[in-house]
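In what follows, a single structure is set out as structure tokens and then discussed.
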Amino acid sequence: MAENLSANCGTVCPSKTDLSVAQLKSEIARLKKEKNALIMAHYYQRDEIQEIADFIGDSLALARKAAATDARMIVMCGVHFMGETAKILCPDKKVVVPDAEAGCSLADSCDPEEFARFVEAHPDHTVVSYVNTSAAVKAHTDIVVTSGNARKVIEALPKDEKIIFGPDRNLGEYINSVTGREMLLWNGACHVHERFSMERILEMKKTNPGAKILVHPECKRPLQLIADKVGSTAALLDFAAQDDAPVYIVVTESGILFEMRKQCPEKTFLAAPADDAECQCNLCDYMKMNTLEKVYLALRDEQPEIIVEPSLAEKAIRPILRMLELS
Ligand code: 13P
Ligand code: SF4
């Protein structure tokens, strides 16, 4: 779980090949064509991975793109649940991830058996789960959501519907606050988003009075309350692109700054500080496990491959398809 994680911020991964960055990039381009592969990357990936990706997006866009692609192979540069979601949506395609150990503390905060008992204890509730979950948790779910469509999906349900929402309590609290619902929340969280320091963000705002504060809904409630915009990575990006402030304090994993600076070169984006000044805890150590070299190796060797047992995939696909229909 979150607290026990050893951060690998700034760690230089040992190289397994003698290829330079330029050679890795040209080999990736060659292999991608030869193998009819699609490289997808989440906004939290290292800059050099975002640079070579065919498609970059938030969790919702990645799921949609996976469902629609006609590539033979998907290289999912993100964390394990993203590869698993792609595989569930595309059982006939080969889905590989650069590092099979790239997990997610939020997904880990929801044990499938405990979740199943929680669901069984509330048989009159509709079960809504965040996409940051294992396939086993999705199998106990009625509708999957991402931070990009959670509000829309919940608002599409009848007002008096009883709802279980898991695993992210912060996103759940946010959705309760904007929809007026009283969803029953699972007590899970992301170790990266929970570590942002309110005090240091307010100090930053004092030094940059014209700055707007952009907050991901996985952050704690007090941070949501001081935000100019709360939203998924893609929603924060869109807001910044359309807004006219010159400076933004970005309260989510700082990989997103790469695309923000690319789309809005005239604006200044400041990475919000975490509560530990010694450590870059606003980096997701799981997301940063993927390197350009591992992307090359995944393409070359077609592994680590994501395998989802067909009977599990059959159960887990229903709530994902429901999400895609509703959003
Ligand atoms: P989104 O990109 O969907 O906002 O998700 C954030 C996240 O934590 C992905 O792991
Ligand atoms: Fe999981 Fe948090 Fe990392 Fe996203 S940032 S992959 S929720 S640990």
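In this view, the solvent-accessible surface of Phe239, computed with a 1.4 Å probe and all protein chains in place, comes to about 50 Å².
The magnitude of the dipole of the chain, with charges of +1 and -1 set on the Cβ of Lys/Arg and Asp/Glu and taken from the Cα centre, is near 760 debye.
Computed from point charges on the beta carbon alone (+1 for Lys and Arg, -1 for Asp and Glu), the dipole magnitude for the range 42-101 about its Cα centre is near 300 Debye.
Farthest towards the positive end of the charge dipole of the chain, among the residues Ala121, Gly148, Met260, is the Cα of Met260, using unit charges on the Cβ of Lys, Arg, Asp and Glu. For the residue pairs Lys32/Lys288; Lys65/Lys93; Lys16/Lys87; Lys87/Lys288; Lys33/Lys94, the C-alpha atoms sit more than 19 angstrom apart in Lys32/Lys288; Lys16/Lys87; Lys87/Lys288.
Phe258: net charge of surrounding residues, Cβ under 15 Å, Lys/Arg +1, Asp/Glu -1, itself excluded? Each step should come with its number before you reach the end.
Working: positive: Arg46, Arg261, Lys262, Lys267, Lys288; negative: Asp47, Glu48, Glu51, Asp58, Glu253, Glu259.
Summing Lys and Arg as +1 and Asp and Glu as -1 gives -1.
Around the amide H of Tyr130, modelled in the peptide plane, lie the amide H atoms of Val145, Gly166, Asp168, all under 5 Å away and 5 or more residues distant in sequence or on another chain. Entry note, the chain: relative contact order of 24 percent, from Cα contacts under 8 Å with a spacing of 6+ residues. If you run the Gaussian network model on the chain, springs between alpha carbon atoms under 10 Å, then out of Asp168, Asp99, Asp243 the most flexible one is Asp243. Give, as ranges by residue number, the residues of the range 294-327 whose backbone N falls under 15 Å from the point 7 Å along Cα→Cβ of Ser15. Under 15 Å, as judged by backbone N against the label point of Ser15, lie 294-297 of the range 294-327. When peptides 212-218, 303-309 are ranked by their average number of other Cβ atoms within 10 Å per residue, the highest-first order is 212-218, 303-309.
Based on the Kirkwood radius over alpha-carbon pairs, what value in µm²/s does the Stokes-Einstein equation return for the translational diffusion coefficient of the range 127-218 at 4 °C and 1.567 mPa s? All intermediate terms of the calculation are to be shown ahead of the outcome.
On the way: Rh = 14.5 Å.
In µm²/s, the coefficient is 89.
GNM remark for the chain: springs join alpha carbons under 10 Å apart, and the peak mean-square fluctuation among Pro209, Pro98, Pro167 falls on Pro209.
When a/c reaches 1.5 or more, the comparison of a/b and b/c decides; with that in mind, is the chain rounded, prolate or oblate per its Cα gyration tensor? Oblate.
The values are calculated or read from the model by the stated rules, or taken from the named source; none is laboratory data. On a predicted model such as this, the values are computed, not experimentally measured, just so you know. Quick reminder, even Gly has a Cβ in these numbers, built from the backbone with ideal geometry, and neighbours come from all protein chains shown. For the accessible areas, the whole protein counts, side chains as well, though only heavy atoms, and no ligand, DNA or RNA atoms are used. Shrake-Rupley method; radii C 1.70, N 1.55, O 1.52, S 1.80 Å.
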